[in-house]
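Engineer: If you scroll down you'll find the structure; I have some questions about it.
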Amino acid sequence: MFMQATLNPTQINQGVSVAVAGEVFDTSGIPIANAIVSIQVTNPQATSIHLAVAYSAKDGTFQDTFLIASNSPGGNYTAYMVADKPGYDTARVTLTFNYSSPDFSIQSSSALLTLRQGDSGKVTVTLLSLRNFKQPVNLTALNLPSGVSVQFNPASLTPSGNTEVTVLASQSAQTGNFTITLLGVSGPLIHTVSFQLEITPGPIRVTFLLIPAIVAVALIAGVLFQRRQRRSHKRAAIEELLKASQADMGYVSTARVIARLEELRATNQVDESTYQRLKREYEKRLEKSK
């Protein structure tokens, strides 16, 4: 039994996805179905990073994929493939794939950030250079809930380095738990990192519309109090005047009462109708007492 295989690497967000495609056949080139194909992949340090079993189809073909993560070391990765089937000799194929493409990784300092409405918080994002990566990476945020904004300082940097991410929740921000995704883009390379954002209700605040209303109520209460005080003073002055006029109804006493009435009018301590009524009454009394 014979076997042939190829590796087809493709750059993806998580690193490099390597597709394995092969075929199992006999000495005459006839496909062998249902052969068991064992696949093992090791990294440059000879550590196994992938183990799989595939079965050949009716046409003798088989497929598999494995991932070389973006933070994996550079160097040669080796795929060992062994095909077995009762009645046939074992077939073996060894393929080598060199992973040396410069890349970067992105990490967050926090998995959870909790904010109240109206507050802000910070998360540190670290960009690491992999395999001598030296290109600028632009940062942005995805999946922001209503009322939430994100600021990067800086918004672009060349790994390795840190950027400070400030998350701001407005007073009207949507409450609940959300997944915030931070995106790093450099040419065709795209990597993401996520953290949980929890927004809780903020403290109860007195709105600016309520403050003028409170002030207006206080002013109106003050004006009403002052009016009541003035009416009280007027009543007291009138009562004093009436008491004095009743104690002595002679000419001199009545003249003094009229003079006092004029004084109360001048100082606005008696209303006009009361003044006119008392003035007529005391002037008549004054005429009778002559």
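Where a number appears in this text, it was derived from the coordinates with a stated rule and is not lab data. Every value quoted in this text rests on a predicted model; they were computed, and no experiment measured them. Here the Cβ is made from the backbone with ideal geometry for all residues, glycine too, and neighbour counts use every protein chain on show.
Engineer: Give me 164, 23, 272 sorted ascending by neighbouring Cβ count inside 10 Å, so fewest comes first.
Structural biologist: On the way: 164 13, 23 20, 272 9.
Going from sparsest to densest Cβ surroundings: 272, 164, 23.
Engineer: Using modelled backbone amide H atoms (1.01 Å from N, in-plane), which distant-in-sequence or interchain residues come within less than 5 Å of residue 157's amide H?
Structural biologist: 137
Engineer: Are there trypsin sites (Lys or Arg not before Pro) in the range 56-125 that DSSP puts in a loop and that have at most 15 other Cβ atoms within 10 Å, and which ones? Display every interim value, and only then the final one.
Structural biologist: Working: sites: 58, 92, 116, 122; in loops: 58.
In loop regions of the range 56-125 (DSSP not H, G, I, E or B), the sparsely surrounded trypsin sites (Lys or Arg not before Pro) are 58.
Engineer: Say the dipole of the range 103-200 comes from +1 at the beta carbon of Lys and Arg and -1 at that of Asp and Glu; which of 153, 117, 174 then lies farthest toward its positive end?
Structural biologist: Toward the positive end, the furthest listed residue is 153.
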